[in-house]
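Remarks on the structure that follows.
The values are calculated or read from the model by the stated rules, or taken from the named source; none is laboratory data. The structure displayed is predicted, hence computed values, not measured ones. Neighbour counts run over all protein chains shown; Cβ positions are idealised from the backbone, glycine included. We work out accessible area using only protein heavy atoms, side chains counted, and drop any ligands, DNA or RNA first. Shrake-Rupley method; radii C 1.70, N 1.55, O 1.52, S 1.80 Å.
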Amino acid sequence: MSVTEKLNGYGPLNGVKVVELCEWVAAPATVRILSEMGAEIMKVEPLHGDAQRTQGPGFGCEQNDTEDPTIDLNNTNKNWLALNLKSEEGFAVMDKLLSEADVFVCNLRDKALVKLGLDYETLAAKYPQLIWAQLRGYGEFGAEANTPGFDAVCWAARGGVANCFREDGESPAIPPQAFGDYNAASIMAGGILAALFNRTRTNKGDKVTCNLYGAAIWGGNIGIMATQFGAPYPKSRKHVPNPFNNTYRTADEKWMLICMPQYDKYYNMMMEITGNAEHIDQPDTCNLPALKNSGKQPEVIKWLEEGFSKKTFEEWDEILREHEVPHQKCFRYTDIVKDQEAYDNDSLRWVEYKEYGKKALPMSPLRFGGYGDPPIILSKPIGYHTAEIMGKLGYTDEQIAKAEADGDIKCWHGEEVPDTIFKSERQVKGEAPCNW
């Protein structure tokens, strides 16, 4: 039984067929989002598999022949085929998949797609209703159009993230790997959905592209504009333009971040609760234009530092909540995996590995009231569904065996990997329905 059949008609995209020719993170994660909306996914890998399958140890994770937690991050609810697209028979299988597909998602570079006959112009002429989507490192134009890239270089480095998130004067930050990939994936998924909706009105497919560099620039909106007005990044927390948008350390050595954009409105209140009542209505600091002109941001920050250093985070948490000051302790990932809030809202979901035990899998954050929390089935080995899907496309067992012997396809001949459906914590407790 295919993964799609196990999902039993779940989701607003039930019936939408997606063919994926993607490796690494951003593009597969795009398709994962679609899969958690109920789309039927045919993930096509080369015979050696998605290159992301080699990355577990590089992320500090473990893997074996049937379980790979890092490939699971981007590949839930998919059916797995392994095809040699350079062979006539392997490409013929791909072509049959595309003839039934609503969406084709890829992240190969243009030259490779043209060589394979999977570029937009070729497929649009052949399948005019197909949504053709490509996730790129850089945009379609300019000197870098055909340059290979990952989020570390396109998003974090060239996109300014590594050099603006750091504290001024320190070395560039090293963002968590694939941070930018997941941001771009969310944008890309939205674009595909818009194209699908437009097709219901025009009966025509479309070309959808998104690139990592552009996603970083979009995310850097405010910083890019502020830089043009003489307030560049990176910044020192001692000199931020708005002292109420800053980090402060409490008496028990906890760092917290406060985000109070309306400095002028809440200035007197913040001076009062932090023990700085003598500065209430002080003309050169009580509103942002005056503060900018006086250059006294470091002084105000120092007043706040001294005030926050006199109580523990728990004490400040109570005070700041009482006054409705948006704030939060600065978590590490070790805090997040223990945070019940994440499980209550299905942002993290427990999955069980035969060899590695119970692990928390991050979930895509979008939910639909009519469908609730999506079912999750983890990834499969290379070629796990090749024979099954080819059988549904009309191939006989003999034809499938010959194609594998000729190096056109790869099938899985190992142990069966169960299609275990992992539920959200609220579903497990019976507090939320399983709508599948």
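Report the charge-dipole magnitude of the chain in Debye, nearest 20, computed about the Cα centre from +1 at each Lys and Arg Cβ and -1 at each Asp and Glu Cβ.
920
Under 1.5 on a/c is rounded, so check that first for the stretch 316-436, then, if it is not, pick prolate when a/b is larger than b/c and oblate when it is not; a ≥ b ≥ c are the square roots of the alpha carbon gyration tensor eigenvalues.
Cα axes put the stretch 316-436 in the prolate bin.
Between residue 287 and residue 88, 0.36 nm times their residue separation minus their Cα-Cα distance comes to what?
Working: separation 199, 0.36 × 199 = 71.64 nm, distance 7.01 nm.
Gain on stretching residue 287 to residue 88: 64.6 nm.
Can you quote the Å³ per residue value for the convex hull of the Cα atoms in the stretch 176-286, rounded to an integer?
Values: hull volume 21.8 nm³, N = 111.
Normalising the Cα hull of the stretch 176-286 by residue number yields 196 Å³.
Set the Förster distance to 25 Å, then compute FRET efficiency between residue 61 and residue 318 from the Cβ-Cβ distance, nearest 0.05.
0.05
Can you check what the net charge comes to around residue 169, using other residues whose Cβ is under 14 Å from the Cβ of residue 169 (Lys, Arg +1; Asp, Glu -1)?
So the environment of residue 169 carries a net charge of +1.
Describe numerically, in nm with one decimal, the distance between label points set 7 Å from Cα along Cα→Cβ at residue 115 and at residue 434.
So the two model labels end up 4.6 nm from each other.
Among 293, 79, 268, which one shows the biggest mean-square fluctuation in a GNM of the chain, springs joining Cα atoms closer than 10 Å?
Among 293, 79, 268, the largest mean-square fluctuation in the Gaussian network model of the chain belongs to 293.
Using the Cβ atoms and a cut-off under 11 Å, what net charge is assigned to the surroundings of residue 100, where Lys and Arg are +1 and Asp and Glu are -1?
Residues close to residue 100 contribute a combined charge of 0.
Determine the shape class of the stretch 1-156: with a ≥ b ≥ c the square roots of the Cα gyration tensor eigenvalues, call it rounded for a/c under 1.5, and otherwise prolate if a/b is greater than b/c, oblate otherwise.
It comes out rounded by the Cα gyration axes.
What does the stretch 373-425 give for Rg and for Dmax, in Å, if only its C-alpha atoms count?
14.2, 46
Would you work out which of 150, 71, 382 lies farthest towards the positive end of the dipole of the chain? Charges go on Cβ: Lys and Arg +1, Asp and Glu -1.
The residue sitting most towards the positive pole is 150.
If you count, for each residue, the other Cβ atoms within 10 Å and average over each peptide, how do 42-54, 196-208 line up from highest to lowest?
42-54, 196-208
Would you mind telling me which residue in 380, 78, 392 has the biggest mean-square fluctuation in a Gaussian network model of the chain, where springs connect alpha carbons within a distance under 10 angstrom?
So, out of 380, 78, 392, the one fluctuating most is 392.
I need the fraction of alpha carbon pairs in the stretch 61-117 separated by more than 20 Å, rounded to a whole percent.
Considering the stretch 61-117, 42 percent of its Cα-Cα pairs are separated by more than 20 Å.
When all protein chains stay in place, what accessible area (Å², nearest 10, 1.4 Å probe) is found for residue 321?
For residue 321, solvent-accessible area is about 150 Å².
Mind giving me the FRET efficiency for residue 252 and residue 217? R0 is 35 Å, r the Cβ-Cβ distance, nearest 0.05 is fine.
Details: r = 39 Å, r/R0 = 1.11.
Efficiency computed from Cβ-Cβ geometry: 0.35.
At 1.4 Å probe size, with every protein chain present, just tell me what the per residue accessible area of the stretch 169-231 comes to in Å². Could you put the intermediate results ahead of the total?
Working: 3780 Å² over 63 residues.
Per residue, the stretch 169-231 has 60 Å² of solvent-accessible surface.
Can you tell which of 308, 229, 422 shows the greatest fluctuation in a Gaussian network model of the chain with Cα springs below 10 Å?
229
With a 1.4 Å probe and all protein chains in place, put 121, 140, 315, 67 in order of accessible area, largest first.
Descending accessible area places them as 121, 315, 140, 67.
Tally Lys/Arg at +1 and Asp/Glu at -1 over every other residue whose Cβ is under 15 Å from the Cβ of residue 140; what's the total?
Result for the neighbourhood of residue 140: -1.
Go through 311/358; 254/429; 78/115; 43/338; 6/359; 204/380 and tell me which ones have a Cα-Cα distance over 29 Å in this structure.
Where the Cα-Cα span goes over 29 Å, the pairs concerned are 311/358; 254/429; 43/338; 204/380.
Could you calculate the contour length gain from residue 359 to residue 171, that is, 0.36 nm times the residue separation minus the distance between their Cα atoms, to one decimal place in nm?
Extra length available between residue 359 and residue 171 comes to 64.4 nm.
DSSP beta bridges in the chain, what fraction antiparallel, as a percent rounded to 5?
Numbers: 17 of 39 bridges.
Percent antiparallel among DSSP bridges in the chain is about 45.
How many nm separate the modelled label positions at residue 99 and residue 269, each set 7 Å beyond the Cα in the direction of the Cβ?
Placing both labels 7 Å along Cα→Cβ, they lie 6.6 nm apart.
Using only Cα atoms, locate the centre of the stretch 39-70 and the centre of the stretch 74-123, then give the distance between them in Å, rounded to an integer.
Centre-to-centre distance over Cα atoms comes out at 18 Å.
Using Cα centres only, tell me the gap between the stretch 252-322 and the stretch 324-340 in whole Å.
21
If a/c stays under 1.5 just call it rounded; otherwise compare a/b with b/c (prolate if a/b is bigger, oblate if not). Do that for the stretch 1-91, with a ≥ b ≥ c from the square roots of the Cα gyration tensor eigenvalues.
Details: a/c = 1.92, a/b = 1.21, b/c = 1.59.
Oblate.
Would you rank 332, 109 by solvent-accessible area, highest first, keeping every protein chain in place and using a 1.4 Å probe?
Ranking 332, 109 by accessible area, largest first, yields 332, 109.
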